[in-house]
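Data block below; observations after.
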Amino acid sequence: MLFPRLLPLRALFSTSSRPTANDQIDHEPASRIHSIDESILPVLATPTTLKDSYTSPATTRAHSPITDLETLPYEPTNGADNQPVEKLTPSTKNEDPRSATATRERARRLASYFIYFAIGWGDGVTGTVLPYFQKDYHLDYTIVSILFIIAVIGIFIGTAIFEWLVTFWGRVAITSDTNASRRLVICWTNRKPHYFSPTRGRAGALWTGIVIHAVFFAVAGSKRGFGSLLAAFVISGVGRALMFGVLNDYIASLPTNLSVSCMVLGHILGLGGFAAPLVCQTIISSGINWSVFYLISLAWSTMALGFAILAFRRTSIEQETELETATGISSSMTSVEKGMADSSLQSDRPNAQQPTGTLLACFALPILWAFNVLLYFSSGGETSTNGFIAAYLLRERDASSKVVGYYVSAHWAGFTISRVAMGFLSHRLAFRTVKRIVQGLMFSAMMLHLCIWLVGSLVANVVFFGLIGLAIGPLFPTIVYLGIQLFPDHLRMVAIAIMSASASLGSAVMPFVAGVLSNSPSAGPAIIPRMQLGVYGLMSIMWFFFPTCPKSSGA
């Protein structure tokens with residue numbers, strides 16, 4: 001039955017004569033009849049007349065034939081006065097749209113910050129537990145560094161499925177149930193009438209990434225061998241790629257304080273990276289195995305998923321706006337004939353807003369490739385330093401294993417402080433000025449690694465590592481912030497995902513190279529500062545030739 005909710009309208013046709021505008025209908029209250037009219041508006045079928053599509057299930061009930069019903073004017077009445085019933089509108093219309101939008105935006109910001117903290121929590125602890133991976137699984141530097149290189153598989157998987165996943169979650173079936181598109185109803189096939197919802201596509205991809213990242217904590221904490229640890233890092237890469245792609249684009253798309261919003265994500269990421277080594281080192285120093293830290297971390301993923309579901313689910317206002325934009329159907333319509341006329345228009349454009357081909361369009365941007373190379377070295381150098389601080393201090397500077405985790409936290413403290421400072425300064429500065437600051441930070445990182453190489457004091461090295469955190473902390477978010485100003489708006493989401501993937505590729509390959517070099521008996525972990533000296537020197541030269549204003553993008 002195409003219109004099952006039309007059944008109460010049988011009172012209109014229970015006599016042999018057609019009701020007129022002056023007739024009073026006693027069988028059903030006027031308000032209920034009007035609500036039924038509202039409920040069938042979103043039905044986007046294409047029958048030529050209602051008589052062709054309506055069939056009563058009570059076939060034994062006799063009533064007169066329905067002919068030319070599509071020409072019958074339907075005006076709700078209110079008793080004998082024959083006055084139109086006051087138009088009913090969804091409850092969301094009574095809300096202040098600006099107030100509701102501002103509240104929702106604040107909730108989504110806070111949820112984004114919490115999710116980034118969970119990501120930083122999982123990433124920041126790697127350098128602390130790396131020596132324990134070697135001890136428990138009997139690994140050398142080369143084998144344990146495979147953890148970094150294997151993560152690139154997950155990053156590429158996450159990036160490859162990102163656009164498809166957003167499209168899948170955002171494909172909303174057009175149904176007669178006005179509340180169906182608010183619930184988790186996915187159109188599984190393109191053959192059915194549907195439209196694309198960017199809000200729900202974004203939310204679904206984010207939820208998927210959080211769940212996958214929670215699996216990473218569970219598998220890593222299971223301690224079932226080095227193979228399970230490798231699988232955990234692959235899973236982590238998939239989850240991070242999805243979460244970075246969604247959250248970076250959402251924060252960057254907010255209309256106010258763009259640089260501050262982007263930087264705050266980096267601040268929270270660094271805060272998670274600062275807190276995790278402290279907690280993990282405290283757990284290990286208490287005689288508890290490192291695997292317990294990963295199991296405890298499942299709590300962060302659980303809370304992050306709850307916040308994401310509450311904050312990023314599509315609101316009624318967003319639902320109505322997207323439906324009207326995609327199909328031309330407004331929830332305020334009260335005419336069946338209007339709804340069916342608009343449905344025929346919608347059938348010609350079911351996927352007008354569905355993003356297709358943006359991945360190839362992004363690959364055609366030369367400036368994006370330049371940023372990919374730079375972020376490859378930036379993130380690779382950052383991860384190599386973060387990952388091998390503990391190993392370097394333990395072997396080359398005779399640090400104690402009971403406190404080395406705190407030294408790692410000193411580096412993350414500088415990392416976080418500089419990101420916070422840069423975040424609140426960059427939006428007040430011109431594009432060219434921010435670019436010059438980045439140039440100075442790259443040069444400072446190069447010189448500090450030179451100091452670590454030449455100075456043999458443990459205390460001095462810990463201070464230098466903290467200063468390196470200050471120098472390299474703002475690099476990734478600032479480079480991304482400058483980069484998004486050079487890309488067209490319709491390519492921004494996928495471009496950010498690609499840049500994140502390139503950065504993740506560097507953070508996998510370069511630490512692996514550092515691990516292979518550290519495994520050499522003649523070099524050892526002492527090769528790390530020498531390697532980083534060359535990396536940041538190369539980055540300084542590359543950055544000098546990047547655009548100095550947003551207009552250089554040609555977008």
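So what J values fall out for region 111-126 if you push phi through Karplus, 6.51 cos²θ - 1.76 cosθ + 1.60 with θ = phi - 60°, rounded to Hz, Gly and Pro as x?
Calculated HN-Hα couplings, in order: 5, 4, 5, 5, 5, 5, 4, 5, 5, x, 4, x, 7, x, 7, 4 Hz.
Have a look at Leu448, His490, Ser426 and report the one farthest towards the positive end of the charge dipole of region 371-508, computed about the Cα centre with Cβ charges (Lys/Arg +1, Asp/Glu -1).
Among Leu448, His490, Ser426, the one farthest towards the positive end of the dipole of region 371-508 is Ser426.
Please label the shape of region 483-555 as rounded, prolate or oblate, based on the square roots a ≥ b ≥ c of the eigenvalues of the alpha-carbon gyration tensor (a/c under 1.5 means rounded; beyond that, a/b larger than b/c means prolate, else oblate). Before the final figure, lay out each step's value.
Working: a/c = 6.51, a/b = 2.11, b/c = 3.08.
Note, shape of region 483-555 comes out oblate.
Could you give me the ³J(HN,Hα) list for region 236-250, computed from phi with Karplus coefficients 6.51, -1.76, 1.60 and θ = phi - 60°, whole Hz, x at Gly and Pro?
So the J values, rounded to whole Hz, are 4, x, 4, x, 5, 4, 5, 5, 4, x, 6, 5, 4, 5, 5.
Rounded if a/c is under 1.5, else prolate if a/b is larger than b/c, else oblate: which is region 398-462, with a ≥ b ≥ c the root eigenvalues of its Cα gyration tensor? Please list the in-between numbers first.
Working: a/c = 5.40, a/b = 1.85, b/c = 2.92.
Judged from the Cα gyration tensor, region 398-462 comes out oblate (a/c at least 1.5, b/c at or above a/b).
What do you get for Rg/Rh of region 420-555 when both radii come from the Cα atoms and Rh is the Kirkwood radius?
Result: Rg/Rh = 1.02.
Where the only charges are on Cβ atoms (+1 Lys, Arg; -1 Asp, Glu), what is the dipole of region 402-533 about its Cα centre, to the nearest 20 debye?
I would put it at about 240 debye.
Which order do Lys223, Lys135 take by accessible area at a 1.4 Å probe, largest first?
Lys135, Lys223
When a/c is below 1.5 the answer is rounded, else prolate if a/b is larger than b/c, else oblate, so apply that to region 459-521 with a ≥ b ≥ c taken from the square roots of the Cα gyration tensor eigenvalues.
Values: a/c = 5.65, a/b = 1.66, b/c = 3.40.
Oblate, since a/c reaches 1.5 and b/c is not below a/b.
Per-residue counts of other Cβ atoms within 10 Å, averaged by peptide: what ranking do you get for 211-221, 462-472, highest first?
Highest to lowest by the protection proxy: 462-472, 211-221.
Please sort 225-233, 153-161, 200-208 by packing, taking for each peptide the average over its residues of neighbouring beta carbons within 10 angstrom, highest first.
Listed from highest to lowest mean packing, they are 200-208, 153-161, 225-233.
The values are calculated or read from the model by the stated rules, or taken from the named source; none is laboratory data. Owing to the predicted nature of the structure, the values given are computational and were not obtained by experimental measurement. For neighbour counting, all protein chains shown are included, and Cβ atoms are generated from backbone atoms with ideal geometry for every residue, glycine included. Ligands, DNA and RNA are stripped out before the accessible areas are found, and what is left, the full protein with its side chains, is counted by its heavy atoms. Shrake-Rupley method; radii C 1.70, N 1.55, O 1.52, S 1.80 Å.
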